[in-house]
Amino acid sequence: MRIGVITPEYPPYAGGGIGTATVSFVKNMASIGHMVDVFAIFLPDIPGYDSSNDKDVKESDNLNIHYMSYKFDAISYSESEREVLDCLINTDINLAKAWIMSKKIHRFLEVNHLDIIFSAEYMGLSSYFLLEQRSRPLAQRIPLVLTLHTGHRELNYANYLSTRNIRDWERGVVELEQLSIDTATLLHSPSEFLSDFIKRTYFVKQDIHIVPYFASFLDAKSNCLYNPDDSSMKRVLFVGRMERRKGYKEFISSALLLLKTHQDYKFIVAGGDWHDEFTDKSYSAEVQRLIPEGLMNNFEFKGMVPHKELPALIASVDVVIVPSLFENYPNTCIEAVQMGIPVLISGSGGMKEIVGEHDFTVFNPLSAREMSKNIESFLELSIENKRVIIEKQRQFFSDKHLVDGLVSEYEALMNKAIDLHADSLNHEMDTAIRNAIGIGIPVFNTGQYLDECIESVISQSRAADRILIINDGSTDKHTLDKLQEWSNKEPRLEIVHQDNMGLCATRNRIIEALSKEDFILMLDSDDVLHHDYLKKTEIYLTNNPQVSAVTTWVKTFEEVSSYWTELPFKFPKALFNNMIISSVALIRRASIPSDLKYNEKLSPFTAEDWDFWIGFHKHGLEIGLIPEPLFNYRVRKNSKFNSLNFRKYAVIIDHLLNTHEDIYRKYMKDVMAELFLRNYIECRQGNFWARLANSLPGWLLFLLRKNAFIKNIGYRLLTKGS
């Protein structure tokens, strides 16, 4: 079987627990005859690393490494692809990495094949690949097993006691990780602990399959005899990033307690530093200030240790400690017990699933006193009694980590994913299905743009079955002449004239008129479709029957030249971001609820789309996305988009909160968290009081909207100066 592996870390260019686990997995699978292709990112600021020289590395006959670089890979991109990449980089570098990863794998698949892909969920690197897979023909799709690690939502929980996106730069990557979890074929976790946490915080409904990591350094059956150095110093090793989640501060505090009575103890720390967003300082520096100068000789701070040097370091100590406040399935624990070195662990994480619970080896990570007591109790044991504990840990470990058994479990996992994937393809292939597609175009005094718009429709690589143009009472002679001209030369066009009713009423009429079509598109008369828009969106809806509408990325032109590279429409984000313009969505006509209409009161405020799509998604209807700019949106100087002011925005907000109060209340915490985060970010970038006055009252109005007096005050604050 040919296996693809997506990873954010792969030694030697990027270490860490994910990289270590990935190396163990791919080498074990390659050793039994599977062909493995690893797709890895690298850190562009690594000294001396020139990615142009080693983008593809053959480690063995069955193992190939393909490195990704947003600096060098972009050389082969088209001009439009480079523009999209620049937009993603400016938005969030993590979005750019995920997009490049998708491009790299799909280009690999143009000349190669993969039977299955394993991907780490960390950083959401497989997210755009999964999105693009859903937009491809069924026969070209590949099952993907998503391996859960400690993602950014879990990091936030452990480091900041919140599952929300505390750090602004992480907000995109949390969405990507969630997207990967939502769309993967099968979910895999090495620990029950992480599986339970993911189910609670990500509201995962599908099963999460538990298979442990492979052992790292040695065969799990190898024998090591615990024989600590006879030197007078007893050595305790902490391995990991020096962050709050790892229990670093509690570890140092417990060490200081022990050094009051045991000057013969030495504490070794191996790991990189961490920047604490709460203090805006180095966390390790802050913690190390707790250590009196007279005790510094009892500590040794080694910084980052290359993975190949860790075995010697682990072998040189009396005990390894893992005091994490939150941990998945740490390789440090695996490596130590595998080498016959005892491990003391916190009770908060997957460590007990590696070594079990024996005597005083497990402690409360929040209690430095309990941790110190356990360390002391172990270190003061005789060698014979220590070896008894070690043997118990090794036996527990060996029962779960024999290579042959894990290989069988991973192969069963692959077969399960392939079967699930095959089940999802059991409906008719897309080439055998013919859908009726209708396009409706409302027109009002936009004659100068009609040629571009209509040409883009009639020149589609997949022709529309019905093209309905409704002239909404245009008074401009040029527009009327253009409509007559197109009526004379293009028999496929149905042109209907009506008195002026406004955009929303006209769109509602289009929805009714196209009631017999399978898929419909409401296209504004000044916008332009990409040549393959209908072809690709039809394939998407045909191959994903659970999806009720599909959008694409958008390229803006005329007054503003840019790209809108949104992620799929989803609550709660869609409650505070207008994520879709109606013209960009191909809709499954039968999915539109009979009571869902465009609100005609919103026609002057350019928010009818936002209102419509909140109502659409509120009915439980899924909205898909093709991450490709297949739609060109014209931003005119005199457009409603450009004429929106704060007074109008206040009306929009009030309407949304009143109309969709149920859904806003459901996601109250998320909406308020987003509000305060945005205010904080914006106020740091400009005048605090002006920005605060321009946004906070509108949302407080929502919370207190039953109080007319407060509501009136809110309006005055919102509209002041507009």
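The values are calculated or read from the model by the stated rules, or taken from the named source; none is laboratory data. Just so it is clear, the model here is predicted, and its values are computed rather than measured. Every residue, glycine as well, gets a Cβ built from its backbone with ideal geometry; the counts of neighbours run over all protein chains shown.
Couple of notes before you dig in:
Let's see how each residue does on (1) surrounded by fewer than 16 Cβ atoms within 10 Å (Cβ to Cβ); (2) assigned to a loop (DSSP other than H, G, I, E, B):
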| site | (1), (2) |
| --- | --- |
| PRO491 | yes, yes |
| GLU494 | yes, no |
| ALA505 | no, no |
| ILE510 | no, no |
| SER515 | yes, yes |
| ILE520 | no, no |
| SER525 | no, yes |
| HIS531 | yes, yes |
| TYR540 | no, no |
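- All positions within region 270-305 that are touching a Ser or Thr at 6+ places or on another chain (Cβ under 8 Å) and under 19 Å from ASN159 (Cα atoms): ASP273, TRP274, HIS275, ASP276, GLU286
- Output for region 565-575, where each listed residue is surrounded by fewer than 19 Cβ atoms within 10 Å (Cβ to Cβ) and outside any loop (DSSP other than H, G, I, E, B): LYS573
- Residues in region 279-334 that are over 36 Å from the mean Cα position of the chain (by Cα) and of a type in the set (S, T, N, Q): ASN297, ASN298, SER316.
- Of the residues making up region 356-375, those that are within 18 Å of LEU325 (Cβ to Cβ), surrounded by 15 or more Cβ atoms within 10 Å (Cβ to Cβ) and in contact (Cβ under 8 Å) with a residue 12 or more places away in the chain are THR361, VAL362, PHE363, ASN364, PRO365, SER367, ALA368, MET371, SER372, ASN374, ILE375.
- Among the residues making up region 283-326, a single one is of a type in the set (Phe, Trp, Tyr) and part of a helix (DSSP H, G or I): TYR283.
- Residues satisfying the criterion are present in region 157-168 (criterion: surrounded by fewer than 20 Cβ atoms within 10 Å (Cβ to Cβ), part of a helix (DSSP H, G or I), of a type in the set (D, E, K, R) and modelled with pLDDT under 80).
- When the criteria are applied in full, HIS478 meets the requirement of being surrounded by fewer than 18 Cβ atoms within 10 Å (Cβ to Cβ), in contact (Cβ under 8 Å) with a residue 24 or more places away in the chain, in contact with a helix residue (DSSP H, G or I) (Cβ under 6 Å, 6 or more places away or on another chain) and more than 21 Å from ILE437 (Cα to Cα).
- Checked against the criteria, LYS618 counts as assigned by TED's automatic domain parsing to the domain that holds ILE454 and either at pLDDT below 90 or more than 20 Å from GLY502 (Cβ to Cβ) (or both).
- Residue satisfying all of: in region 434-475; more than 16 Å from TYR533 (Cβ to Cβ), exposed (fewer than 15 other Cβ atoms within 10 Å of the Cβ) and out of contact with any Lys or Arg (no Cβ under 9 Å at 6 or more places or on another chain); modelled with the highest pLDDT among these: THR475
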